Amino acid sequence: MIRNSSAATRAATRSTEPTRAELDASFATFCDDNFLQVERFLRARCADRDLVDEAIQETFITARAKWAQIRGFEKPLAWVFKTARHKLLGQQTRRTRTNTTTTNLDELPPELLTQPTDPREADELLVAWLQQLPPRQAEVFVLFFDGWCDLDIAKMLGLAHTTVRAYKQQARQHLQRLAEQAGFHKPPTGRPS
């Protein structure tokens, strides 16, 4: 029996390629697992929910179109973060051209700012504080907060490893000052002096 080796190779390749249903299922799982992290990452950079929502939608639409390739990456979420950041920057550039205004928390009287009563409010407060940081520091801190290591953050954002460490430290110090200004204080360590 004579076999056509190229036909056998194509058949073997076809059997290892995922079906459309498998791609859809794996992408749905990826979205369920990572959507909130991407949203938090973008909200640290931008207070405008509409811009963030638009950037997230564009990012996940692009990711779905390229999912067969992206899912094979070592860290597909890193690709999504990088794409989301670029989509948001594009949205902000377009929005800046229309010259809209937003209210900054610094403009609100202190009596209007209250202590958070649940985790959602605490998250909103953290996002508001992150928006007061320089954008790169906020991006680095959010990625670190989500569990990314310094080297991965450096690769995603195109920064040097030492710069990531410096931004992370500066962000912590700035956030600590903001928390103290809002009436939060470090709890005692419990060690006798």
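Once you put a point 7 Å from the Cα of Lys82 and another 7 Å from the Cα of Phe184, both along the Cβ direction, what distance in nm separates them?
3.2
Could you give the length gained by full extension between Gln69 and Thr29, i.e. 0.36 nm per residue of separation minus their alpha carbon distance, to one decimal place?
So the extension gain works out to 12.8 nm.
Starting from the Cα-Cα distance between Leu151 and Arg94, subtract it from 0.36 nm times their residue separation and give me the gain in nm to one decimal.
17.4 nm
Excluding residues fewer than 8 places away in the same chain, name every one of the lysines whose C-alpha is closer than 20 Å to that of Lys168.
Straight-distance partners of Lys168: Lys82, Lys155, Lys186.
Read-outs throughout are calculated quantities, based only on the coordinates presented, and are distinct from any laboratory measurement. Bear in mind the structure is a predicted one, so any value in this text is a computation, not a measurement. Cβ coordinates were reconstructed from backbone atoms using ideal geometry, including for glycine residues, and neighbour counts include every protein chain displayed.
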